[in-house]
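Structure, as structure tokens:
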Amino acid sequence: MAKEFTLKDNEFESRLIARRVFFAGLIILLMVALIISRVFYLTVIQHEHFTTLSKSNRVKITPIPPIRGLIYSREGVIIAENKPSFSLEVIPEQIEDVDRLIEQLSKLISIQDSDIDRFKNLLGKKRRFESIPLRLNLDQKEVAIFSVNRHRFSGVDVVAGLNRFYPLGEELVHTIGYVGRIDEEDIKQLDESNYSGSTHVGKLGIEKAYEDILHGDVGFQQVEVNAQGRVIRVLDRTAPRPGQNLHLTIDLSLQRIAINELNNRRGAIVAMDPANGDVLAFVSSPGYDPNKFVNGIDTRSYSALLSSRDKPLINRVIQGKYPPGSTIKPFLGLVGLDNGVRDLAQESWCPGWFSLKGHDHRYRDWKKGGHGYTNLHKAITQSCDVFFYILAYELGINRIFEGLSWFGFGETTGIDIDGEASGLLPSKEWKRNALGQAWYPGETLIMGIGQGYALSTPMQLVKATSSLANKGKIVRPRLVSSTSDPISNDISYLNSHIENTIQVKNQSYWDDIITSMKDVVHGVGGTAWRSGLNAKYKFAGKTGTAQVISIAQDKEYKKEEIPEELQDHALFIAFAPVETPRIVVAIIVENGGGGSKTAAPIARKMFDHFMGNNNLISEG
Amino acid sequence: MEERTIGQRFHIDFPLLFGIIVLCSIGLIILYSAGGQNADLVYRQAIKLTIALVAMMIVAQLPPTEIARWSLWLYICGIVLLVLVIFYGDMGKGAQRWLDLKIFRFQPSELMKLSVPMMIAFYLADKSLPPRFLRVLLVCIMIVIPVVLIAKQPDLGTALLVATAGFSVLFIAGISWRLLLSMGVLAAAGTPVLWYFMHDYQKQRVLTFLNPEHDPLGAGYHTIQSKIAIGSGGFYGKGWLNGTQSHLEFLPERSTDFIFAVFCEEFGLIGVLLLLCIYLFIIARGLFIAINAQHTFGRLLASGLTLTFFVYIFVNMGMVTGQLPVVGIPLPLVSHGGTSMVTLMLGFGIMMSIHTHRRFLSF
């Protein structure tokens, strides 16, 4: 017991600990020897055995990419499909001399410089054991030639796959867009595991917007591969879940009429069902071939598309920004009625021009002699500019801004593809922020005829016109109406989306405007009377002619003196039939001249087809 | 007058630092290969290493007496946190190990790797050695509480390391051989009980270890693939970046727990001998520090930490070479990952503190 209370014997403890440490050190050395002998056993004694194992049969887990969903038009015509294709792929790890390999292969199969460029590019990015395509889209003969010679090329193989194909080519390119090879930017966005077997991803249009639905879920298989990495047999398999098919709202026959009517002129046509927002036609002209983009477009073709004067890559329907011109008038008319600034009977005197008090600048009417005494109905049917200068002046920019924003001018329509432009609905505040300037009264005047800063896309025009045809009900446009499962064929319908309803003080204002628009087509002196002749149904519309350049005060607009790209844009908005609208269109022909002459006849053709078809269907 | 070298002034033990840096460099080189030549991965790991090295140097500035004073509090904090993890912890990979502190996620079990040996060294150094039976019993309880809490998360690997850290301090403190033997017998008898409490996946691992070929595509896949990688590497290895087993993605967890297999495949037996030399150098230095420490606390703690470091190496290499069941223990300072590395570095910091705060009287 006495020892408990003595001072700690440091010398003794130090020796005790040192003994134990030495002992522990000894054990450590022993265990290290154990590790070394084990590694020696594996690496030296069993080396042959494991080398054989590593070289001969190995089990690998490989992803099975899901089959991408198909895309159909409204009538069930296939728009995007997957075509079997063969590509020649190389595993770099198993190649000693890549250049010699390419040289030898090119004796059998044609390999272009662009193929080699792309291959070398991928060679730097991918890991050495990943297979890289050298040639794409081999034909049957090339596959046969390579198969005979396959034994000479270890690490090279023909890989069967599915290639996205758009059988309609440029007819629907701006709607469905295209898929392209997954690039570095895409990798950051995508789920690495789900895309482990995929080579392509939607880059534009519906292919991009509905990527999640179209792609499906990856599957996996455990395979046994030999020393060359070739699959010997499949051991276990988890099937991929294919992507869902999409059913578009696009009516292909209507789409084709619109394409034919535009006939490669620059312009855009969009048609929509005002009841549910189904986009029936969606044409941006000219188009281009989406198939070229699937496996990477070559530089020359791409720069040709980029530098083309017609700018085919721009999606004019949702990105083209045009002054709405006179098509703005029915909307302004409604705003005027609702604000109590005007009633139907009230007339303005149109001498052919209008000037603000104390200014000598003359704002001209399109009709040189003027329209004389003009009320709202006449102002819309004959598109009197002076009437709307005065109306706009009386409303003032603030009320114009508020009223037009009900119809969605100045904001995106919310259609189900990306890249939409919001156009521009100017206000005092906007001008102060964007240009740092005050708002001038003259700018309010020209807002009355849809000129000046105001810009809208054809999609905005069709949505706004639908709201008018619907008497206030705002429906969001959409391109996809349903999806279906490729295995079970179960269809799930997507809901159409009613955003809001515009409230006016008196419901009869809608009828007043719609009647005026009907008389644009069917009334005496209506600007589009020619297009309404002999129609079996009644439709309503409004022509527009948007100035691209402003004409000096003392000059006149002479078509033949102005270069084509500075000539006026022709516009027409319309819906049919007047009583129960089933189709709304917005048409813009760039530099096409007057809306009544160029754009309105296109609407008539589309309506004739659509109403004819639909009548047949409802009767049958 | 005290005469102090640069190392003592800045509290850095250069031989130890040298060993650590060489090891970390090897780790980065092999990580580049194991991670599929991802330079970004290596860069991020290098940043973590640097932060851990700085933390090590900061700890080395604290005098051992200060560290001893913290022991009890750290230990109590650790136990409280472990209990909190059970109730509020984040689930990750089927185990509840993490405490989310909003700013960063924290693994209390890592703290215990340091605070258990600290606590025991602190407790035993108080009275004269060797410890009496009652004190040994108390120490055993101190070890078993955190070990059980960690094993329940479940994290068998860390529980094993914490137990090792505690018992190695007890061993160094001179516990009698007879007591040691009877504890061993008791542990062997307790194994069936442990089996009963094990999770299914843990049982699976043990069964697989006993017969890996039984389930080659399931649980045995790790061991079989790593043995193929090591064996096919041979005496000289396949060369850096040329390991086929690892690069063809046959080898799972190749940049973390199984990085040793990648190392073996690419650098062969020669490389392994070299790597073990560096590890042994660090261990020898650690034991040297332990023997030359001036206080019992320092001696016990330094040797405890060094032995734990070795157990890391042994268990990891044993599991990768197929001699031990697969428990999640990384190869220290080489495997990719941040948490365990920081703990290791802090441990080395403590060892440097013990060594560089010695006082020499000049006569």
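The values are calculated or read from the model by the stated rules, or taken from the named source; none is laboratory data. If you're wondering where the values come from, they're calculated on a predicted model, not measured in any experiment. Every residue, glycine among them, receives a Cβ derived from its backbone with ideal geometry; neighbour counts consider all protein chains shown.
Looking at A:ILE187, A:ILE206, A:ILE257, can you tell me which residue is of a type in the set (A, V, I, L, M, F, W, C) and in contact with a Leu (Cβ under 8 Å, 6 or more places away or on another chain)? Please lay out each step first, then the result.
Numbers: A:ILE187 fails: in contact with a Leu (Cβ under 8 Å, 6 or more places away or on another chain); A:ILE257 fails: in contact with a Leu (Cβ under 8 Å, 6 or more places away or on another chain).
On inspection, the qualifying residue turns out to be A:ILE206.
Failed condition for A:LEU30, given (1) touching a Ser or Thr at 6+ places or on another chain (Cβ under 6 Å); (2) more than 9 Å from every other protein chain (Cβ to nearest Cβ); (3) modelled with pLDDT of 90 or more, with all others met?
(1)
Considering each residue of segment A:321-341, count those that are at pLDDT 90 or above and either of a type in the set (Gly, Ala, Ser) or touching an Asp or Glu at 6+ places or on another chain (Cβ under 7 Å) (or both), and give that number.
Pass one, segment A:321-341, residues at pLDDT 90 or above: A:321-339.
From what's left, either of a type in the set (Gly, Ala, Ser) or touching an Asp or Glu at 6+ places or on another chain (Cβ under 7 Å) (or both): A:325-326, A:333, A:336-337.
So the count comes out to 5.
For residues that are loosely packed, with under 10 Cβ neighbours inside 10 Å and under 24 Å from the mean Cα position of the chain (by Cα), scanning just segment B:166-204, find the one that is nearest to the other protein chains (Cβ to nearest Cβ).
B:ALA188
Run down B:LEU344, B:LEU280, B:LEU274, B:LEU331 and say which single residue is within 30 Å of A:THR62 (Cα to Cα), at pLDDT 90 or above and of a type outside the set (Lys, Arg). Steps first, answer last, please.
Values: B:LEU344 fails: within 30 Å of A:THR62 (Cα to Cα); B:LEU280 fails: within 30 Å of A:THR62 (Cα to Cα); B:LEU274 fails: within 30 Å of A:THR62 (Cα to Cα).
Only one candidate qualifies: B:LEU331.
Cβ-Cβ distance below 7 Å, separation of 6 or more or different chains: which pairs start in segment A:158-177 with a residue that is within 25 Å of A:PRO65 (Cα to Cα) and end on one that is of a type in the set (Lys, Arg) and surrounded by 24 or more Cβ atoms within 10 Å (Cβ to Cβ)?
Qualifying pairs under 7 Å: A:ARG164/A:ARG68.
Would you say A:LEU105 is at the interface with another protein chain (Cβ under 9 Å from one of its Cβ atoms), buried (at least 16 other Cβ atoms within 10 Å of the Cβ) and part of a helix (DSSP H, G or I)?
Numbers: at the interface with another protein chain (Cβ under 9 Å from one of its Cβ atoms): no; buried (at least 16 other Cβ atoms within 10 Å of the Cβ): yes; part of a helix (DSSP H, G or I): yes.
No.
Can you tell me which residue within segment A:423-463, out of those that are hydrophobic (A, V, I, L, M, F, W, C) and in a loop (DSSP other than H, G, I, E, B), is surrounded by the fewest Cβ atoms within 10 Å (Cβ to Cβ)? Please lay out each step first, then the result.
So the first thing to find is which residues in segment A:423-463 are hydrophobic (A, V, I, L, M, F, W, C), and the list is A:424-425, A:430, A:434-435, A:438-439, A:445-447, A:449, A:454-455, A:459, A:461-462.
Going one step further and asking which of them are in a loop (DSSP other than H, G, I, E, B), we end up with A:425, A:438-439, A:449, A:454.
Details: A:LEU425: 23, A:ALA438: 9, A:TRP439: 19, A:ILE449: 31, A:ALA454: 25.
Filtering first and then ranking leaves A:ALA438.
Six or more apart or on different chains, Cβ atoms under 6 Å: show the pairs whose first residue is in segment B:170-192 and under 23 Å from B:LEU156 (Cα atoms) and whose second is assigned to a helix (DSSP H, G or I).
Hits for this filter: B:LEU170/B:VAL139.
How many residues does segment B:317-329 contain that are more than 10 Å from chain A (Cβ to nearest Cβ) and either closer than 24 Å to B:ILE120 by Cβ or crowded, with 24+ Cβ neighbours inside 10 Å (or both)?
Here is the first cut: in segment B:317-329, the ones more than 10 Å from chain A (Cβ to nearest Cβ) are B:319, B:324-329.
Those left that are additionally either closer than 24 Å to B:ILE120 by Cβ or crowded, with 24+ Cβ neighbours inside 10 Å (or both): B:319, B:326-327, B:329.
Summing the residues that are more than 10 Å from chain A (Cβ to nearest Cβ) and either closer than 24 Å to B:ILE120 by Cβ or crowded, with 24+ Cβ neighbours inside 10 Å (or both) in segment B:317-329 gives 4.
In segment B:37-62, which residues are free of Cβ contacts under 8 Å to residues at least 12 places away in the same chain and among the charged types (D, E, K, R)? Working first, answer last.
From segment B:37-62, those free of Cβ contacts under 8 Å to residues at least 12 places away in the same chain are B:38-40, B:43-44, B:47, B:50, B:54; that's our starting set.
Once the filter is applied, which keeps residues that are free of Cβ contacts under 8 Å to residues at least 12 places away in the same chain and among the charged types (D, E, K, R), segment B:37-62 yields B:ASP40, B:ARG44.
Residue by residue through segment B:77-106, note down the ones that are farther than 28 Å from B:THR356 by Cα and at pLDDT 90 or above.
So the first thing to find is which residues in segment B:77-106 are farther than 28 Å from B:THR356 by Cα, and the list is B:79-106.
B:ILE79, B:VAL80 - these are the residues of segment B:77-106 that are farther than 28 Å from B:THR356 by Cα and at pLDDT 90 or above.
Looking at segment B:24-60, which of its residues are within 14 Å of another protein chain (Cβ to nearest Cβ) and assigned to a helix (DSSP H, G or I)? Explain how you work it out, then say what you get.
Kept after step one, since they are within 14 Å of another protein chain (Cβ to nearest Cβ), are these residues of segment B:24-60: B:32-41.
Across segment B:24-60, the qualifying residues are B:TYR32, B:SER33, B:ALA34, B:ALA39, B:ASP40, B:LEU41.
When you check B:ALA229 against the structure, is it at pLDDT 80 or above, more than 30 Å from B:PHE297 (Cα to Cα) and either assigned to a helix (DSSP H, G or I) or away from every other protein chain (no Cβ under 14 Å) (or both), yes or no?
Numbers: at pLDDT 80 or above: yes; more than 30 Å from B:PHE297 (Cα to Cα): yes; either assigned to a helix (DSSP H, G or I) or away from every other protein chain (no Cβ under 14 Å) (or both): yes.
Criteria met by B:ALA229.
Hey, does segment B:244-260 have a residue that's charged (D, E, K, R), over 24 Å from the mean Cα position of the chain (by Cα), more than 9 Å from chain A (Cβ to nearest Cβ) and buried (at least 22 other Cβ atoms within 10 Å of the Cβ)? Before you say what the answer is, go through the steps one by one.
Within segment B:244-260, the first condition is being charged (D, E, K, R), and the residues that meet it are B:249, B:253-254, B:257.
Now narrow it down to the ones that are over 24 Å from the mean Cα position of the chain (by Cα): B:249.
If we keep only those that are more than 9 Å from chain A (Cβ to nearest Cβ) as well, we get none.
No, every residue in segment B:244-260 fails to be charged (D, E, K, R), over 24 Å from the mean Cα position of the chain (by Cα), more than 9 Å from chain A (Cβ to nearest Cβ) and buried (at least 22 other Cβ atoms within 10 Å of the Cβ).
Hey, which of the strands (runs of 3 or more DSSP E) in segment A:487-586, taking only ones fully inside, have at least 1 residues that are at pLDDT 90 or above, basic (Lys, Arg) and in the same structural domain as A:PRO274 (by TED's automatic domain parsing)? Spell out the reasoning first.
On the way: elements: A:491-493, A:498-501, A:540-546, A:569-576.
Where strands (runs of 3 or more DSSP E) fall fully within segment A:487-586 and carry at least 1 residues being at pLDDT 90 or above, basic (Lys, Arg) and in the same structural domain as A:PRO274 (by TED's automatic domain parsing), they are A:540-546.
Please list, ordered by first then second residue, the pairs with beta carbon atoms under 8 Å, 6 or more apart or interchain, first in segment A:435-461 and of a type in the set (D, E, K, R), second assigned to a loop (DSSP other than H, G, I, E, B).
If the second residue must be assigned to a loop (DSSP other than H, G, I, E, B), the pairs left are A:GLU443/A:PRO426; A:GLU443/A:GLY452; A:GLU443/A:TYR453.
If A:ASP212 satisfies every condition in (1) touching a residue at least 60 places away in the same chain (Cβ under 8 Å); (2) surrounded by fewer than 21 Cβ atoms within 10 Å (Cβ to Cβ) but one, which is the exception?
Only one criterion in (1) touching a residue at least 60 places away in the same chain (Cβ under 8 Å); (2) surrounded by fewer than 21 Cβ atoms within 10 Å (Cβ to Cβ) is unmet by A:ASP212, namely (1).
Looking at (1) assigned to a loop (DSSP other than H, G, I, E, B); (2) in contact with a Ser or Thr (Cβ under 8 Å, 6 or more places away or on another chain), which is the only condition B:LEU331 fails?
(2)
Filter segment B:137-165 down to residues that are without any contact (Cβ under 8 Å) to a residue 60 or more places away in the chain and under 14 Å from B:TYR123 (Cα atoms) and give me whichever is farthest from the other protein chains (Cβ to nearest Cβ).
Result: B:ILE141.
Please verify whether B:PHE297 is of a type in the set (Phe, Trp, Tyr), assigned to a helix (DSSP H, G or I), more than 9 Å from chain A (Cβ to nearest Cβ) and closer than 19 Å to B:VAL116 by Cβ, treating the condition exactly as stated. It would help to see each step written out before you state the result.
Details: of a type in the set (Phe, Trp, Tyr): yes; assigned to a helix (DSSP H, G or I): yes; more than 9 Å from chain A (Cβ to nearest Cβ): yes; closer than 19 Å to B:VAL116 by Cβ: yes.
Answer is yes for this residue.
If you scan segment A:474-505, which residues turn out to be under 30 Å from A:LYS518 (Cα atoms), in contact with a strand residue (DSSP E or B) (Cβ under 6 Å, 6 or more places away or on another chain) and surrounded by fewer than 16 Cβ atoms within 10 Å (Cβ to Cβ)?
Scanning segment A:474-505 gives A:ILE498, A:GLU499, A:ASN500, A:THR501.
Only one residue in A:LYS203, A:LYS107, A:LYS208 is at pLDDT 85 or above and over 25 Å from A:PRO65 (Cβ atoms). Which one? Walk me through it before giving the result.
Working: A:LYS203 fails: over 25 Å from A:PRO65 (Cβ atoms); A:LYS208 fails: over 25 Å from A:PRO65 (Cβ atoms).
Sole residue among the options that is at pLDDT 85 or above and over 25 Å from A:PRO65 (Cβ atoms): A:LYS107.
In segment A:153-194, how many are of a type in the set (Gly, Ala, Ser), more than 17 Å from the chain's Cα centre (by Cα) and at pLDDT 85 or above?
Narrowing segment A:153-194 to residues of a type in the set (Gly, Ala, Ser): A:154-155, A:160-161, A:169, A:177, A:180, A:193.
Remaining after also requiring more than 17 Å from the chain's Cα centre (by Cα): A:154-155, A:160-161, A:193.
Narrowing the set further to residues that are at pLDDT 85 or above leaves none.
So the answer is 0.
Can you tell me which of (1) of a type outside the set (Ser, Thr, Tyr); (2) assigned to a loop (DSSP other than H, G, I, E, B); (3) touching a strand residue (DSSP E or B) at 6+ places or on another chain (Cβ under 8 Å); (4) buried (at least 16 other Cβ atoms within 10 Å of the Cβ) is the one A:LYS471 doesn't meet?
(3)
Give just the number: which of (1) outside any strand (DSSP E or B); (2) closer than 29 Å to A:SER131 by Cβ; (3) of a type outside the set (A, V, I, L, M, F, W, C) does A:GLU224 not satisfy?
Evaluating A:GLU224 over (1) outside any strand (DSSP E or B); (2) closer than 29 Å to A:SER131 by Cβ; (3) of a type outside the set (A, V, I, L, M, F, W, C) leaves (1) as the failure.
Where residues in segment A:354-369 are over 44 Å from the mean Cα position of the chain (by Cα) and touching a residue at least 12 places away in the same chain (Cβ under 8 Å), which of them is surrounded by the most Cβ atoms within 10 Å (Cβ to Cβ)?
Within segment A:354-369, the match that is surrounded by the most Cβ atoms within 10 Å (Cβ to Cβ) is A:LEU356.
Hey, A:GLY69 hits all of (1) buried (at least 19 other Cβ atoms within 10 Å of the Cβ); (2) within 30 Å of B:GLY231 (Cα to Cα); (3) away from chain B (no Cβ under 14 Å) but one; which does it fall short on?
In the conditions (1) buried (at least 19 other Cβ atoms within 10 Å of the Cβ); (2) within 30 Å of B:GLY231 (Cα to Cα); (3) away from chain B (no Cβ under 14 Å), A:GLY69 misses (2) alone.
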